[in-house]
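Colleague: Before anything else, here's the structure in question.
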């Protein structure tokens with residue numbers, strides 16, 4: 001298959017539009033480009049004069065590539081699917097405008113391939129959270145270029161496969177919100193206590209204790225790399241309610257200066273991502289930036305969903321500092337609505353049914369993601 005440099009078939013960061021300041025254009029911020037679908041999901045109408053300076057101009061059908069970490073690595077790359085012909089967006093986007101020899105949908109799928117992002121990450125310049133993919137990397141990037149009809153055929157196949165994945169994500173998102181809706185229907189708004197339930201301190205519903213990590217420095221190599229699971233604040237925050245995996249582990253020495261928590265413990269973050277919660281699905285250690293709540297299964301499930309309503313309030317209670325955090329005393333004293341136990345048990349039963357369905361959907365999603373990755377690989381090798 002023929003390969004060409006991207007600059008041979010696409011303009012990179014083309015010049016600004018020749019429009020009047022009164023022209024209506026679409027504005028797309030970084031959050032407006034969805035990394036899962038590669039489509040614009042949030043745009044606002046604005047006058048071109050308001051975004052002429054300080055923003056990146058583009059046209060409908062261009063390909064947007066987030067250049068800054070971690071957006072680039074997360075796959076925030078996709079088509080400018082906007083309502084207007086012209087748009088403007090964050091200067092943290094690179095804009096690619098394919099010529100008549102390159103299909104924009106084909107290019108978008110190609111750039112969303114993990115290999116492109118892996119190589120791009122190695123080409124980043126800058127330091128820390130300010131690392132960016134240079135335009136020069138895009139310019140020199142070699143891409144496979146089949147004929148126009150073959151590009152469209154590949155794009156059609158990948159679009160259809162991606163649409164199936166999108167429907168699966170929507171179904172999972174619906175389940176994620178369903179449990180919260182059931183909570184509200186059964187217990188009312190826990191913030192204003194619309195059903196006038198009695199209230200108790202959180203400490204009366206179970207035991208709360210901070211994780212343990214006594215040794216300093218915490219990154220001492222002797223602590224890590226053994227058989228004992230270690231979960232961090234980010235693991236809890238990103239687990240989606242049930243923590244079924246871990247990214248780190250303690251050695252026997254690491255375990256000796258920590259504490260092992262049993263499966264079923266509700267992990268509550270108290271630093272950085274305040275009051276994010278997930279239930280441990282395996283025995284694990286965690287540091288003192290996480291609090292463990294232990295009680296009956298129905299109480300744990302009830303408290304996990306209660307925290308979702310209370311998170312904003314808890315963040316406001318957090319002392320102002322360079323990094324917000326909340327202490328154990330504040331958590332223990334939080335007033336929680338306390339409906340009858342039988343209602344909590346019924347809620348937990350419903351949540352378990354939802355989670356069983358969610359587990360099945362996630363397994364199907366994983367299979368679809370693997371199939372899509374296989375299709376991508378074959379497509380760009382000319383084997384599809």
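Colleague: Considering 203, 181, 213, 177, which residue is crowded, with 16+ Cβ neighbours inside 10 Å and assigned to a helix (DSSP H, G or I)? It would help to see each step written out before you state the result.
Modeller: Values: 181 fails: crowded, with 16+ Cβ neighbours inside 10 Å; 213 fails: assigned to a helix (DSSP H, G or I); 177 fails: crowded, with 16+ Cβ neighbours inside 10 Å.
Every option except 203 fails the conditions.
Residues are listed down the side, and each one gets a yes or a no for (1) more than 20 Å from residue 201 (Cα to Cα); (2) at pLDDT below 95:
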| site | (1), (2) |
| --- | --- |
| 318 | no, yes |
| 328 | no, yes |
| 331 | no, yes |
| 334 | no, yes |
| 340 | no, no |
| 344 | no, no |
| 372 | yes, yes |
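Colleague: Tell me, please, whether a residue that is in contact (Cβ under 8 Å) with a residue 60 or more places away in the chain, out of contact with any helix residue (DSSP H, G or I) (no Cβ under 8 Å at 6 or more places or on another chain) and farther than 27 Å from residue 1 by Cβ can be found in the stretch 36-45. If you could, list the steps in order and put the result at the bottom.
Modeller: Applying the first criterion (in contact (Cβ under 8 Å) with a residue 60 or more places away in the chain) to the stretch 36-45 yields 36-38.
Subsequent filtering for residues that are out of contact with any helix residue (DSSP H, G or I) (no Cβ under 8 Å at 6 or more places or on another chain) retains none.
No, the conditions are met nowhere in the stretch 36-45.
Colleague: So which residues in the stretch 244-258 are modelled with pLDDT under 95 and in contact with a strand residue (DSSP E or B) (Cβ under 7 Å, 6 or more places away or on another chain), if there are any at all?
Modeller: Filtering the stretch 244-258 for residues modelled with pLDDT under 95 gives 244-248.
246, 248 - these are the residues of the stretch 244-258 that are modelled with pLDDT under 95 and in contact with a strand residue (DSSP E or B) (Cβ under 7 Å, 6 or more places away or on another chain).
Colleague: Being surrounded by 15 or more Cβ atoms within 10 Å (Cβ to Cβ), at pLDDT below 95 and in a helix (DSSP H, G or I) is true for just one of 302, 307. Which residue is that? Reasoning before the result, please.
Modeller: On the way: 302 fails: at pLDDT below 95.
On inspection, the qualifying residue turns out to be 307.
Colleague: Mind listing whichever residues of the stretch 102-135 are surrounded by 16 or more Cβ atoms within 10 Å (Cβ to Cβ), assigned to a helix (DSSP H, G or I) and under 21 Å from the mean Cα position of the chain (by Cα)? If you could, list the steps in order and put the result at the bottom.
Modeller: From the stretch 102-135, those surrounded by 16 or more Cβ atoms within 10 Å (Cβ to Cβ) are 102-113, 116-117, 120, 124, 131-133, 135; that's our starting set.
From the residues that got through so far, the ones that are assigned to a helix (DSSP H, G or I) too are 104-111, 116-117, 120, 135.
Hits for the stretch 102-135 are 108, 109, 111, 116, 117, 120.
Colleague: Sticking with this one: Only one of these conditions is not met by residue 223: (1) crowded, with 16+ Cβ neighbours inside 10 Å; (2) in contact (Cβ under 8 Å) with a residue 40 or more places away in the chain. Which number is it?
Modeller: Only one criterion is unmet by residue 223, namely (2).
Colleague: Follow-up question, since we're still on this one. Please work out which residue is modelled with the lowest pLDDT, limiting yourself to the stretch 36-50 and to residues that are under 28 Å from the mean Cα position of the chain (by Cα) and buried (at least 19 other Cβ atoms within 10 Å of the Cβ).
Modeller: The selected residue is 38.
Colleague: If you don't mind, there's one more thing I want to ask. Give the residues of the stretch 17-35 that are more than 28 Å from the chain's Cα centre (by Cα), touching a residue at least 60 places away in the same chain (Cβ under 8 Å) and part of a loop (DSSP other than H, G, I, E, B), sorted by residue number.
Modeller: 17, 19, 23 - these are the residues of the stretch 17-35 that are more than 28 Å from the chain's Cα centre (by Cα), touching a residue at least 60 places away in the same chain (Cβ under 8 Å) and part of a loop (DSSP other than H, G, I, E, B).
This table checks each residue for (1) in a strand (DSSP E or B); (2) surrounded by fewer than 17 Cβ atoms within 10 Å (Cβ to Cβ); (3) modelled with pLDDT of 95 or more; (4) touching a helix residue (DSSP H, G or I) at 6+ places or on another chain (Cβ under 8 Å).
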| position | (1), (2), (3), (4) |
| --- | --- |
| 4 | yes, yes, yes, no |
| 15 | no, yes, no, no |
| 54 | no, yes, no, no |
| 58 | yes, no, yes, no |
| 65 | yes, no, yes, yes |
| 72 | no, no, no, yes |
| 87 | yes, no, yes, no |
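Colleague: If only one of 270, 274, 313 is surrounded by fewer than 16 Cβ atoms within 10 Å (Cβ to Cβ) and either touching a helix residue (DSSP H, G or I) at 6+ places or on another chain (Cβ under 6 Å) or at pLDDT below 95 (or both), which one is it? Spell out how you get there, then give the answer.
Modeller: Working: 270 fails: surrounded by fewer than 16 Cβ atoms within 10 Å (Cβ to Cβ); 274 fails: surrounded by fewer than 16 Cβ atoms within 10 Å (Cβ to Cβ).
After ruling out the rest, the residue left standing is 313.
The values are calculated or read from the model by the stated rules, or taken from the named source; none is laboratory data. Keep in mind the model is a prediction, meaning the values are calculated, not measured. Neighbour counts are summed over all protein chains in view; Cβ atoms, including those assigned to glycine, are modelled from backbone coordinates with ideal geometry.
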